[in-house]
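Trainee: Please find one structure pasted underneath; my questions will follow.
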Amino acid sequence: MSRTVALRWTRFAAVHLRDLLILLLGLTTLLFFLLRLAGDPAVVIAGADASAEQLAEVRAAYGLDRPAWQQYASYVARLARFDLGESLISARPALHAVLEVLPATLTLAGLGMAATLAIAVPLGAWLGAHWPTPARRATASLLFFLQGVPGFVIALVLVQWLAIRLGMLPALGFGGPSTWLLPMLSLAGFLAPRLARVIATNVAQAMSEDYIRTARASGAGPREVLFGHALPNALLGATALAGTQLAFLVSGVVVIEFIFAWPGVGWLLIESTRTLDFPVVQAVALVVGTLVFTLNTVVDALLLKLDPRLSAAGSQV
Amino acid sequence: MSVPLVRGLRRGLGRRLRGGLELSLGLGLAGLMAVLIPLRDQVRSAEPSRIDLHDRFAPPGTAGHWLGTDHLGRDLWSRVLEGLGWSLGCALAATATALAIGSLLGLLAAERPGALRTVVRQTSSLVMAFPGLVVAICVMAVLGQGFWPLVLTLGLLTWPVFARVVFAEASGILARDYVLAARLTGASAVSILRGHVLPAVGPTLFVVGAFHFGEMLIAESALSFLGIGAPVGVATWGNMLADSRQYLFNAPWMLAVPAGAIVLAVLAANLTGDGLGMRLRIPVRREALQ
């Protein structure tokens with residue numbers, strides 16, 4: 001038994017490692033050819049107002065005078081050594097610039113996810129547990145409405161509301177807890193409606209399953225039925241949707257960092273696209289791609305561990 | 001291609017009248033906006049880009065500017081109308097691009113097992129693993145701002161949604177006995193796809209497409225808001241929101257007007273998708289991307 005379990009996890013790791021390599025290769029290839037498709041990469045790198053000597057210098061430094069396939073090969077070879085080039089602005093390694101701001105982003109994402117769960121799980125359980133009453137209908141409609149409000153609109157409205165109603169301008173940047181509140185609420189305001197709706201649907205579905213009737217028949221009270229039986233199963237289903245939620249989380253984080261001047265990866269990305277600091281832009285794409293992929297893999301592994309049906313079905317890819 | 005799609009939709013619509021409220025609200029809103037696009041020159045109250053520094057920050061309800069003016073004295077109602085065409089057009093074109101590529105590849109993968117199917121599946125899961133907005137920002141940074149770069153970026157990054165749906169539905173149908181019967185009587189692959197697969201896949205495509213349209217609208221306005229979507233100065237909802245950031249305290253209507261427009265448009269798309277899904281009894285799993 002333990003050998004088959006070990007084998008399954010080895011296969012799981014191998015498959016996901018392969019997919020990560022494919023993802024990174026895909027991303028870098030896309031960015032490589034994009035830069036060349038868009039015109040002379042030397043102009044993009046050196047800036048539109050660069051002199052002829054500067055252009056020649058950049059071409060020599062980046063090997064742009066060689067044929068495209070040679071450039072691509074050496075580019076991939078450098079990437080394999082984690083050499084993502086240097087920032088054109090600060091002349092520091094691009095990867096360092098990204099890793100330096102990563103903790104701020106992870107903090108924001110973690111805070112946002114925690115707030116989202118704190119709102120969405122109880123709300124979803126309440127909505128899905130019983131037959132729709134007027135209050136539940138109204139809440140469900142409100143959630144449906146909020147689902148269509150983009151995260152940055154929620155953030156702007158929160159800032160506005162604080163500024164006008166409470167007469168205080170929100171603290172910007174990444175400091176103490178006072179700077180955490182608004183970005184966290186903005187993220188949760190964006191993510192929680194979606195998650196709550198999924199959980200509500202799953203709970204409602206679970207409530208009509210046979211095992212709930214069995215639990216009821218064997219004397220479980222409504223509270224035990226909901227929290228002991230229906231909700232765990234519904235959450236399992238919601239975890240399976242976490243991949244799409246993570247994509248939302250990342251895009252939400254990017255925009256919200258921009259609004260609140262939160263010095264994270266998203267903020268760095270926007271700043272570097274403004275200054276056309278292409279090595280940093282590329283490093284951000286690769287780091288974020290790896291991050292999202294890793295989180296997804298963790299979710300997959302959790303599911304495989306938590307859901308006996310999946311491990312009984314063998315390896316899932 | 002369009003005829004079997006419509007036939008399938010009509011067959012589905014006739015079945016049961018569920019989700020009627022959502023559908024009529026959504027289609028009503030969408031219809032209203034669609035009517036306003038060609039009529040925008042008639043119903044607007046001023047030239048959308050006309051700067052009038054005497055009329056800066058006029059609040060809503062001011063004579064001649066019923067939704068107020070912005071920091072340059074430009075009429076917000078006219079600018080929202082101008083942005084309506086831009087934003088809806090962009091979201092529609094991006095959805096159409098994704099739908100066309102996705103359904104074509106999905107149908108091909110379902111029809112032809114083997115190497116082609118593997119390539120389509122691998123490519124679609126690769127593109128789905130991309131951190132969408134981040135890649136979109138990178139691509140837009142290189143391609144530069146504009147309508148078609150935006151449409152192509154969004155379309156090319158989101159087609160796997162449609163490819164997956166079409167592939168799943170189409171392979172289910174291609175395995176049916178009546179398709180086998182059609183094949184045995186000598187029907188060509190194209191006529192099977194046209195006659196059997198598309199009508200069955202059509203309704204689902206409409207539902208997924210409606211939700212996708214809403215996502216594309218949000219993505220477009222987010223990118224414009226970040227300053228890398230629509231060209232600076234063009235009246236789009238995202239650009240208007242970006243303008244409003246400086247004046248949240250003095251002129252809250254500069255935020256409220258474009259924000260309301262975006263929310264209404266996304267709501268119209270989501271209501272249509274939800275109502276259509278309920279009426280056609282399609283289990284909608286929102287595979288959202290942005």
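The values are calculated or read from the model by the stated rules, or taken from the named source; none is laboratory data. Since this is a predicted model, take the numbers as computed values, not measurements. With ideal geometry, Cβ positions are generated from the backbone for all residues, glycine too; neighbour counts draw on all protein chains shown. Each accessible area value is taken on the protein alone, full model and side chains, heavy atoms only, with ligands, DNA and RNA left out. Shrake-Rupley method; radii C 1.70, N 1.55, O 1.52, S 1.80 Å.
Trainee: Could you give the accessible area per residue of the protein assembly as shown, probe 1.4 Å, as a whole number in Å²? Write out the running numbers ahead of the final one.
Mentor: Values: 27730 Å² over 607 residues.
Value returned for the protein assembly as shown: 46 Å² of accessible area per residue.
Trainee: Right, another one. Solvent-accessible area of B:R183, probe 1.4 Å, all protein chains present, reported in Å² to the nearest ten, please.
Mentor: 100
Trainee: Using only the Cα atoms, what convex hull volume per residue in Å³ does chain B have?
Mentor: Values: hull volume 39.6 nm³, N = 290.
Per residue, the Cα convex hull of chain B comes to 137 Å³.
Trainee: Hey, what's the per residue convex hull volume over the C-alpha atoms of the protein assembly as shown, in cubic angstrom? Walk me through the intermediate numbers first.
Mentor: On the way: hull volume 123.3 nm³, N = 607.
Considering the Cα atoms of the protein assembly as shown, their hull volume per residue is 203 Å³.
Trainee: Kindly provide the trypsin sites (Lys or Arg not before Pro) of region A:51-122 that DSSP labels as loop, not H, G, I, E or B, and whose Cβ sees at most 13 other Cβ atoms within 10 Å.
Mentor: Values: sites: A:R59, A:R78, A:R81; in loops: A:R81.
Answer in residue order: A:R81.
Trainee: Further, regarding this structure: Report, to the nearest 10°, how far helix B:20-43 tilts away from the longest principal axis of the Cα atoms in chain B, using its own Cα long axis and a range of 0 to 90°.
Mentor: Value to nearest ten degrees: 50.
Trainee: Let me ask something else. Charges only on Cβ, +1 for Lys and Arg, -1 for Asp and Glu: so what's the dipole of region A:1-104 about the Cα centre, in debye to the nearest 20? Provide the component values of the computation, followed by the final result.
Mentor: On the way: 10 positive and 9 negative charges, 177 e Å.
I would put it at about 860 debye.
Trainee: In square nanometres and to one decimal, what's the mean projected area of the convex hull around the Cα atoms of region A:97-136?
Mentor: Details: hull surface 13.8 nm².
Dividing the Cα hull surface by four gives the mean projection, 3.4 nm².
Trainee: Sort B:H196, A:H130 by accessible area with a 1.4 Å probe, largest first. Please report the intermediate quantities before stating the final value.
Mentor: Numbers: B:H196 60, A:H130 105 Å².
If we order B:H196, A:H130 from most to least accessible, we get A:H130, B:H196.
Trainee: Only four residue types carry charge here, +1 at the Cβ of Lys and Arg and -1 at the Cβ of Asp and Glu. Report the dipole size of chain A about the Cα centre in Debye, rounded to the nearest 20.
Mentor: Details: 21 positive and 17 negative charges, 251 e Å.
Here the size comes out at about 1200 debye.
Trainee: What are the ³J(HN,Hα) values, in whole Hz, obtained from phi via the Karplus relation 6.51 cos²θ - 1.76 cosθ + 1.60 with θ = phi - 60°, for each residue of region A:152-161 in sequence order, with x given for Gly and Pro?
Mentor: 6, 5, 4, 4, 5, 5, 4, 4, 4, 5
Trainee: I would also like to ask the following. Summarise the partner chain shielding of A:152-159 as one whole number: the mean count of Cβ atoms from other chains within 10 Å of each residue's Cβ.
Mentor: Numbers: counts 11, 13, 1, 0, 11, 5, 0, 4.
Counting Cβ atoms of other protein chains within 10 Å of each residue's Cβ and averaging gives 6.
Trainee: Starting from the Cα coordinates of region A:102-314, work out the convex hull volume and express it per residue in Å³. Let's see the in-between values first.
Mentor: Details: hull volume 30.3 nm³, N = 213.
Cα convex hull per residue, to the nearest whole number: 142 Å³.
Trainee: Protein chains only, probe 1.4 Å: how do B:E111, B:E220 rank by accessible area, largest first?
Mentor: Details: B:E111 30, B:E220 0 Å².
Solvent-accessible surface, decreasing: B:E111, B:E220.
Trainee: If I take every Cα pair under 8 Å that is 6 or more residues apart in region B:18-93, average their sequence separation and divide by the length, what percent do I get for the relative contact order?
Mentor: Numbers: 85 pairs, mean separation 20.2, N = 76.
Reported relative contact order: 27 percent.
Trainee: Could you order peptides A:289-297, B:71-79 by the average number of other Cβ atoms within 10 Å of their residues, highest first?
Mentor: Working: A:289-297: 18.0, B:71-79: 22.0.
The most tightly packed comes first, giving B:71-79, A:289-297.
Trainee: Other chains' Cβ within 10 Å of B:218-228 residues: what's the mean?
Mentor: Values: counts 8, 2, 0, 3, 9, 1, 0, 7, 10, 4, 3.
If you average over the peptide's residues, the count of other-chain Cβ atoms is 4.
Trainee: How high is the relative contact order of region A:102-314, in percent, with contacts defined as C-alpha pairs under 8 Å that are six or more residues apart? All intermediate terms of the calculation are to be shown ahead of the outcome.
Mentor: On the way: 231 pairs, mean separation 57.9, N = 213.
Taking the mean separation of contacting Cα pairs over the length of region A:102-314, I get 27 percent.
Trainee: Next up: From the residues A:A68, A:L21, A:I154, which one has its Cα farthest along the dipole of the protein assembly as shown in the positive direction, the dipole being from +1 and -1 charges on Cβ of Lys/Arg and Asp/Glu about the Cα centre?
Mentor: Result: A:L21.
Trainee: Separate question: Test of understanding: what is the full-extension gain from A:E53 to A:W161, defined as 0.36 nm times their sequence separation minus their Cα-Cα distance? Don't jump to the answer; show the numbers that get you there.
Mentor: Values: separation 108, 0.36 × 108 = 38.88 nm, distance 5.26 nm.
Here the answer is 33.6 nm.
Trainee: Within 10 Å of each Cβ in peptide A:20-32, how many partner chain Cβ atoms are there on average? Round it to a whole number, please. Don't jump to the answer; show the numbers that get you there.
Mentor: Numbers: counts 1, 0, 4, 7, 1, 1, 6, 7, 0, 0, 8, 4, 0.
For peptide A:20-32, the averaged partner shielding equals 3.
Trainee: Calculate the spin-label point distance for A:R36 paired with A:Y72, positioning each point 7 Å from the Cα along the beta-carbon direction, and give it in nanometres.
Mentor: 0.6
Trainee: Given labels modelled 7 Å from the Cα in the Cβ direction, how far is it in nm from B:F57 to B:L21?
Mentor: Distance between the two pseudo-spin positions: 4.2 nm.
Trainee: Once you place label points 7 Å from the Cα toward the Cβ at B:R183 and B:L92, how far apart are they in nm?
Mentor: 3.9
Trainee: Here's another thing I want to ask about it. Calculate how large, on average over all directions, the projected area of the Cα convex hull of region A:15-156 is; give the answer in nm² to one decimal. Could you put the intermediate results ahead of the total?
Mentor: On the way: hull surface 56.7 nm².
Over all viewing directions, region A:15-156 projects a mean Cα-hull area of 14.2 nm².
Trainee: State the answer as a single residue: which of B:P203, A:G252, A:F174 lies farthest towards the positive end of the charge dipole of the protein assembly as shown, with beta carbon charges of +1 for Lys and Arg and -1 for Asp and Glu, about the Cα centre.
Mentor: Of the listed residues, the answer is B:P203.
Trainee: Right, here's the next one. Go through B:L29, B:N250, B:M240 and say which Cα lies farthest out towards the positive end of the charge dipole of chain B; charges sit on Cβ, +1 for Lys and Arg, -1 for Asp and Glu.
Mentor: After comparing all options, I get B:L29.
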